[in-house]
1. Being open to solvent by 60 Å² or more (accessible area, probe 1.4 Å) and either among the β-branched types (Val, Ile, Thr) or more than 14 Å from chain B (Cβ to nearest Cβ) (or both) is the filter here, so list the residues in the range A:19-34 that pass it.
2. Going by what's in this entry, would A:ALA86 be described as aliphatic (A, V, I, L, M), open to solvent by 20 Å² or more (accessible area, probe 1.4 Å) and more than 19 Å from A:PRO118 (Cβ to Cβ)?
3. Just wondering, is there one or more residues in the range A:35-48 that are open to solvent by 80 Å² or more (accessible area, probe 1.4 Å) and in contact with a helix residue (DSSP H, G or I) (Cβ under 9 Å, 6 or more places away or on another chain)?
4. Residues that are among the hydroxyl-bearing types (Ser, Thr, Tyr): which strands (runs of 3 or more DSSP E) entirely in the range A:40-108 hold 2 or more of them?
5. With (1) in contact with an Asp or Glu (Cβ under 9 Å, 6 or more places away or on another chain); (2) open to solvent by 40 Å² or more (accessible area, probe 1.4 Å); (3) within 14 Å of chain B (Cβ to nearest Cβ); (4) not hydrophobic (A, V, I, L, M, F, W, C) as the list, and A:THR57 as the residue in question, which single condition is left unmet?
6. Given the range B:4-81, what strands (runs of 3 or more DSSP E) lie entirely inside it while holding 2 or more residues that are within 13 Å of chain A (Cβ to nearest Cβ)?
7. From the list B:TYR42, B:TYR35, which one is farther than 26 Å from A:CYS60 by Cα, open to solvent by 10 Å² or more (accessible area, probe 1.4 Å) and hydroxyl-bearing (Ser, Thr, Tyr)?
8. Mind checking whether some residue in the range A:105-114 is within 12 Å of the chain's Cα centre (by Cα) and open to solvent by 60 Å² or more (accessible area, probe 1.4 Å)?
Amino acid sequence: MLFRITEKIIVPEKLRQTMLSSSAGAYCSYEGWVRDHNEGKDVNSLHYSAYEELAQTIGCKILHEAESKFQVESAIVHRVGDLSVADIAVWVGVTAHHRGDTFLACRYIIDNIKHRLPVWKKEVYSNGEERWIDNNHCGCSDPKNLQF
Amino acid sequence: MTMKIKILYFAQLAELAEKSEETKHVIDSSLCALYADLRKTYNFHQELTQLQVAVNHQLSAHDTELRDGDSVAFLPPMTGG
C-alpha cells in the first residue's frame, strides 16, 4: 500500500515498477490528466492544493477499503502545485491475482479519491481568469451509488 | 474561559482569508459560532452545511465541541483527481 502527495512530476513507468509482484497475474492503472478545456472554457493550467495530514489518513483508508473489498494491492500518488496541460494529476495502480478485481478496485479508488480526498483544484483559463472548482461531479458518479 | 484554537484554511477559503492558518482565542466552543465569525470576517460564500470539518486532522461532526488547543479546518467539497 502506497499513498503519496507530491509536488514532483508523476512518472507512471517508475511507479509501475514498484507494483511488480510474482504473485500478481494482473495490473491495472489509472492516470488523471490535465485537459485543455472544461465547461466551455479554455484551460491553461490547474493548481492543486491538499490538506496533507488529513489526506494521508483518508488516502490510506481508501486503499485499505479497496484491498479488503477486492483482494488487491494498491497505490495512489496525487500531485499538488501548478500543473500544465497533459500533466498527470493523479495515478492509481492496482495488482491482483486476476484482472477482474483490478478493474473494479481501480474504479473504486479513483471515484473515492474524487469525493473524499481533501484535495482541491483551481482552473486557470486562457483569458487570465481563475476559478476554484466547486464540485467534482462531471463524469464521476458518487461512489455511494456504484455497485461494486 | 477562552480557548486557543488554530484554524487551517484551504483552497478558496485560504484565498479569501489571505492566509493558510491563524490562531484565535474564542469563548464559544461550537464550530457553528466559530464559522459564523470567520464567515463574517472573510466573506466566505458557503454555509457551514456545505462544508466538512476536520478537528485535529480528523473529519468531525458539525456539533463537535471545541477544546483548548484544538486545530480546526473547514473544508470545501473535495475536487481532487
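1. Within the range A:19-34, the first condition is being open to solvent by 60 Å² or more (accessible area, probe 1.4 Å), and the residues that meet it are A:20, A:22-23, A:25, A:27, A:30-31, A:33.
Once the filter is applied, which keeps residues that are open to solvent by 60 Å² or more (accessible area, probe 1.4 Å) and either among the β-branched types (Val, Ile, Thr) or more than 14 Å from chain B (Cβ to nearest Cβ) (or both), the range A:19-34 yields A:LEU20, A:SER22, A:SER23, A:GLY25, A:TYR27.
2. On the way: aliphatic (A, V, I, L, M): yes; open to solvent by 20 Å² or more (accessible area, probe 1.4 Å): yes; more than 19 Å from A:PRO118 (Cβ to Cβ): yes.
For A:ALA86, the condition - aliphatic (A, V, I, L, M), open to solvent by 20 Å² or more (accessible area, probe 1.4 Å) and more than 19 Å from A:PRO118 (Cβ to Cβ) - is met.
3. no
4. Values: elements: A:41-50, A:73-79, A:81-84, A:88-96.
Correct list: A:41-50.
5. Of (1) in contact with an Asp or Glu (Cβ under 9 Å, 6 or more places away or on another chain); (2) open to solvent by 40 Å² or more (accessible area, probe 1.4 Å); (3) within 14 Å of chain B (Cβ to nearest Cβ); (4) not hydrophobic (A, V, I, L, M, F, W, C), only one is false for A:THR57: (1).
6. Details: elements: B:21-26, B:52-55, B:58-60, B:71-75.
Result: B:52-55, B:58-60, B:71-75.
7. Values: B:TYR35 fails: open to solvent by 10 Å² or more (accessible area, probe 1.4 Å).
Result: B:TYR42 is the single residue among B:TYR42, B:TYR35 that is farther than 26 Å from A:CYS60 by Cα, open to solvent by 10 Å² or more (accessible area, probe 1.4 Å) and hydroxyl-bearing (Ser, Thr, Tyr).
8. If we filter the range A:105-114 for residues that are within 12 Å of the chain's Cα centre (by Cα), which is where we start, we get A:106-114.
Restricting the remaining residues to those that are open to solvent by 60 Å² or more (accessible area, probe 1.4 Å) gives A:107.
Within the range A:105-114 (the criterion being within 12 Å of the chain's Cα centre (by Cα) and open to solvent by 60 Å² or more (accessible area, probe 1.4 Å)), the answer is yes, since at least one residue qualifies.
The values are calculated or read from the model by the stated rules, or taken from the named source; none is laboratory data. Everything numeric here is computed off the predicted structure, so don't read it as measured data. All Cβ positions, even for glycine, are placed from backbone atoms using ideal geometry, and neighbour counts span all protein chains on display. When the accessible area is computed, the model is the full protein with side chains, heavy atoms only, and any ligands, DNA or RNA have been set aside. Shrake-Rupley method; radii C 1.70, N 1.55, O 1.52, S 1.80 Å.
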